[in-house]
Amino acid sequence: MNRLTLTGLFLASLLALSSCLRDDLQPCPPLQVTLSVKDKNYFNADDAVKLGLLERKADDLPFRDYVHTLYYIVHDTLGNVVAEQKNTQVSDDAQTQTITLPVDLPYGKYIVTVWGNMESEEPLGDNPTDAEMEAAGAAANDIYLACDTFDYRYGKEAYTMGLERTKGNLLIKAEGIPDNIDFSTKSVEDIYGKVDAAFRYSSLTDIRTELEWEVQNEIQSQTLMCPSPSYEGTTLGVSFIDRSAVAAQQAASRAVSTRPILRPADVHITMGRNEITILKYVYDTEEDGFNIFLRVNDEWEQIHTMEID
């Protein structure tokens with residue numbers, strides 16, 4: 001065997017030891033993505049905590065205390081689905097979760113999309129890279145999202161992703177409401193209802209909620225929703241209702257001694273992603289009207305005075 005042949009065999013042996021090929025007996029390390037929670041609290045949560053409207057979550061809780069279900073799907077650069085996990089409960093107490101892709105996945109670039117806190121895949125429809133935020137399984141849920149592209153190759157098998165909140169939180173506090181009021185409704189017009197994996201929002205929609213009061217005179221409600229399309233681009237309407245008086249009025253076709261429905265003036269609000277919007281409705285019995293306040297920079301700013309329909 002000549003020197004040239006020996007040199008060739010030696011080089012071939014070095015390549016076999018130093019590289020990881022799919023036809024080797026030992027498989028290459030699989031692509032692993034570690035998931036963490038980026039938005040553990042709303043960015044302005046401290047003000048709501050100070051007002052007693054919200055409790056701040058600690059930053060070191062288990063992953064499932066922020067995000068309790070996970071769905072993920074992985075595409076290659078041609079759009080082919082190479083891996084998917086249906087909506088699954090997070091059951092352990094770890095502070096992160098790990099996605100491990102199939103060991104036979106070839107090297108290349110892959111797009112990983114993860115949704116958190118959905119109750120089913122129904123909001124995803126036929127395209128799991130965007131979601132209807134007011135569909136069953138997502139409406140009223142604190143939905144999280146993460147999406148990124150990873151270059152899977154030898155020596156680059158481990159990556160991380162931080163899940164971010166897709167919605168904001170509308171907090172409403174009412175004070176001085178008459179004793180006969182035991183129910184309220186809320187209508188939100190012109191709010192985004194859809195978001196894609198790149199956090200692009202679309203599809204304006206309306207939201208209506210109802211709340212049965214458990215305590216007289218004062219009420220607090222919260223509603224999770226996507227951002228507004230523009231500054232003050234969302235209209236909020238609230239009604240405070242005495243259901244028994246309304247029923248009596250309808251049954252007898254006559255007026256009742258107390259006002260069965262209090263309907264303050266509509267206001268224009270701005271909802272933001274991972275942001276709390278706080279309003280306070282204060283009823284003045286003598287003036288028979290509402291003062292409406294918006295929380296701005298840790299202070300109450302009056303936006304409507306004594307207007308009632």
Among the residues of the range 269-284, write down those that are under 19 Å from the mean Cα position of the chain (by Cα) and not aliphatic (A, V, I, L, M). Thr270, Gly272, Arg273, Asn274, Glu275, Thr277
Residues of the range 148-183 satisfying the condition of being surrounded by 18 or more Cβ atoms within 10 Å (Cβ to Cβ), of a type outside the set (Ser, Thr, Tyr), out of contact with any Gly (no Cβ under 8 Å at 6 or more places or on another chain) and closer than 16 Å to Asn274 by Cβ: Arg165, Lys167, Asn169, Leu170, Leu171
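This table checks each residue for (1) in a strand (DSSP E or B); (2) modelled with pLDDT of 95 or more; (3) within 20 Å of the chain's Cα centre (by Cα).
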{"residue": "Pro123", "(1), (2), (3)": "no, yes, yes"}
{"residue": "Tyr152", "(1), (2), (3)": "yes, yes, no"}
{"residue": "Met161", "(1), (2), (3)": "yes, yes, yes"}
{"residue": "Glu164", "(1), (2), (3)": "yes, yes, yes"}
{"residue": "Asp190", "(1), (2), (3)": "yes, yes, yes"}
{"residue": "Glu210", "(1), (2), (3)": "yes, no, no"}
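Looking at Thr160, Thr113, Thr100, can you tell me which residue is within 17 Å of His68 (Cα to Cα), touching a Leu at 6+ places or on another chain (Cβ under 9 Å) and among the hydroxyl-bearing types (Ser, Thr, Tyr)?
Of the residues listed, the single one that is within 17 Å of His68 (Cα to Cα), touching a Leu at 6+ places or on another chain (Cβ under 9 Å) and among the hydroxyl-bearing types (Ser, Thr, Tyr) is Thr113.
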Condition set in a loop (DSSP other than H, G, I, E, B) and of a type in the set (D, E, K, R), scope the range 268-294, selection nearest to Leu53 (Cα to Cα): answer is Glu275
Count of residues meeting criterion [farther than 11 Å from Gly193 by Cα, free of Cβ contacts under 8 Å to residues at least 60 places away in the same chain and small (Gly, Ala, Ser)] in the range 137-146: 1
Among residues of the range 88-109 being farther than 16 Å from Cys147 by Cα and in a strand (DSSP E or B), the residue farthest from the chain's Cα centre (by Cα) is Gly108
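In the range 119-136, what residues are surrounded by 14 or more Cβ atoms within 10 Å (Cβ to Cβ) and either within 18 Å of Ile207 (Cα to Cα) or touching a residue at least 40 places away in the same chain (Cβ under 8 Å) (or both)?
Hits for the range 119-136 are Glu119, Glu121, Pro123, Leu124, Pro128, Thr129, Asp130, Ala131, Glu132, Met133, Glu134, Ala135.
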Out of all the residues in the range 71-118, which are among the acidic types (Asp, Glu) and open to solvent by 80 Å² or more (accessible area, probe 1.4 Å)? Glu84, Asp93, Asp104
How many of the residues making up the range 45-67 are surrounded by fewer than 19 Cβ atoms within 10 Å (Cβ to Cβ) and either of a type in the set (Ser, Thr, Tyr) or assigned to a loop (DSSP other than H, G, I, E, B) (or both)? 10
Which listed residue, of Gln250, Gln222, is modelled with pLDDT under 90 and either within 27 Å of Thr285 (Cα to Cα) or not in a loop (DSSP other than H, G, I, E, B) (or both): Gln250
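The values are calculated or read from the model by the stated rules, or taken from the named source; none is laboratory data. The model shown is predicted, which means the values in this text are computed figures rather than measured ones. Cβ: placed from backbone, ideal geometry, glycine included. Neighbour counts: every protein chain shown. Areas reflect the complete protein model, heavy atoms only, side chains present, ligands, DNA and RNA absent. Shrake-Rupley method; radii C 1.70, N 1.55, O 1.52, S 1.80 Å.
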